[in-house]
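The next block holds one structure in the form of structure tokens; read it before the comments.
No lab work stands behind these numbers, since they all come straight from the coordinates. Computed from a predicted model, the values in this text were never measured in an experiment. Cβ placement follows ideal geometry from the backbone for every residue including glycine, while neighbour counts extend to all protein chains displayed.
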Amino acid sequence: MLLENKVAIVTGGAKGMGRGIALKFAEEGADVVVCDIDLDGCLSVAGEVEALGRKALAFRTDITNKAQVDEMVAGTLDDLGTVDVLINCAGGVPGTHGSGATGTFTEEEWDRIVAINMKGPWLVSEAVIPTMKKNKRGRIVFISSMGAVSPVVSVLHYHAAKAGAIGLSLNLAFELAPYNICVNNIVPGPIETTFWDSLMPPGPERDAFFAAVSKREVPLGRVGSPKDIAGAALFFASELSDYVTGQTLCVAGGQPLLAQEATFNIEAYLKERGLL
Ligand SMILES: NC(=O)c1ccc[n+]([C@@H]2O[C@H](COP(=O)([O-])OP(=O)(O)OC[C@H]3O[C@@H](n4cnc5c(N)ncnc54)[C@H](O)[C@@H]3O)[C@@H](O)[C@H]2O)c1
């Protein structure tokens, strides 16, 4: 048990990676606070955590709303007494139209997507840091995006916000190291979750898209699953990473290395570049 009797808050815990992380942490002995704008999803995941023998709380929390964030953290302290781990997982591009490239979205859309992916993680971090400082121990993990560091498509608001969140995490790592609070980043590659639903509904077209992405862009040749991310989150949340802070780990099947086709079809690769 790597998280025995620890208390972990997982934002965006109702679905996808957040759910995967919540369940992995419960298996490792943690009590889990599941917060998300999707209350039904929170309640369902909280039920799954309890079925694993751990305590769970469910909060309908919009991480861009300071009052709701503060209420969620106060409720956690009232019921579970402390916070040991924060996973800043809530994010994405819910409800967007257009590709996100130059000229495809409004100023309001910029503000909304940046708030979800950068301001929200800041608000939740601010709310838990006083408790972690008092405990002289804490773990904060940000879930970023490959597009923040090595984009293959242009999604300006989302990727810029994710890059901003990496900057935020590095500053927090620096500031909080004297309190034994470690702050790290996970950079996921393509992971099959409901994240993709607003961009492309599940079905044959999406399967074909993932197959093409796997072949072209992922050296390990497959898209990832929430389990892949949960393993890395467990490392950063537990004592296995006690001497690690301010780091960014790509959990991305080998991205941003060269894609499989280019790497393995060396002849075509060299011909394309006029070297053969
Ligand atoms: N799936 C991918 O391929 C991928 C790749 C790179 C990064 N990411 C990032 O990983 C994280 C998890 O994504 P996922 O794939 O599990 O997506 P998901 O859509 O399955 O889950 C995201 C969760 O965040 C919640 N959420 C959205 N806005 C919120 C808000 N304002 N307040 C509280 N909760 C909110 C949603 O309700 C949802 O339950 C996100 O930050 C996403 O940007 C995903």
Exercise. Given +1 on the Cβ of Lys and Arg, -1 on the Cβ of Asp and Glu, and no further charges, what dipole in debye does the stretch 197-242 carry about its Cα centre, rounded to the nearest 20?
Worked result: 260
For this session: Pairs to check: K162/K271; K15/K136; K24/K162. Give those whose C-alpha atoms are more than 27 Å from each other in this structure.
Result: K162/K271; K15/K136
For this session: Report relative contact order for the chain in percent, whole number only (criteria: Cα-Cα under 8 Å, sequence separation at least 6).
Result: 18
Seminar exercise, completed: Ranked on Cβ counts within 10 Å of their own Cβ, fewest leading, S169, S44 go S44, S169
Seminar exercise, completed: Ranked output for segments 94-105, 69-80, 30-41, 225-236 by mean other Cβ atoms within 10 Å, highest leading, reads 30-41, 225-236, 69-80, 94-105
Exercise. When only Cα pairs under 8 Å and 6 or more residues apart are kept, what is the percent relative contact order across the stretch 117-260?
Worked result: 29
Exercise. Amide H to amide H under 5 Å from T96: which residues, 5+ apart in sequence or cross-chain, H placed 1.01 Å off N in plane?
Worked result: none
Exercise. Just how far, in whole angstrom, is the stretch 1-78 from the stretch 176-247 if you go by their alpha carbon centroids?
Worked result: 19
Problem set entry | Under-5 Å amide H pairs with V33, H placed in peptide plane, nonlocal only | A8, I9, V10, L57
Problem set entry | Positive-end residue of A127, P94, F105, charge dipole of the stretch 92-138 with Cβ unit charges | A127
Seminar exercise, completed: Taking T64, T194 and counting other beta carbon atoms within 10 angstrom, the fewest-first order is T194, T64
Problem set entry | Selected from A252, A51, A26 as most flexible by GNM, with the chain as the system and alpha-carbon contacts under 10 Å | A51
For this session: Starting at the first residue of the stretch 141-152, write each ³J(HN,Hα) from the Karplus equation 6.51 cos²θ - 1.76 cosθ + 1.60 with θ = phi - 60°, in whole Hz, x for Gly and Pro.
Result: 10, 9, 9, 9, 7, 4, x, 6, 10, 7, x, 10
Seminar exercise, completed: For the stretch 99-111, in residue order, the Karplus 3J(HN,Hα) values (coefficients 6.51, -1.76, 1.60; θ = phi - 60°; whole Hz; Gly and Pro = x) are 7, x, 7, 3, x, 10, 8, 8, 5, 4, 5, 4, 4
Problem set entry | Ascending count of other beta-carbon atoms within 10 Å, so fewest first, for V85, V149, V93 | V149, V93, V85
Problem set entry | Taking the C-alpha atoms of the chain, convex hull volume expressed per residue in Å³ | 139
Exercise. Hey, any idea what the orientation-averaged projected area of the convex hull of the stretch 52-133's Cα atoms comes to, in nm²?
Worked result: 7.0
Problem set entry | Largest-first ellipsoid semi-axes for the stretch 83-218, taking √(5λ) over the Cα gyration tensor eigenvalues, angstrom | 31, 17, 13
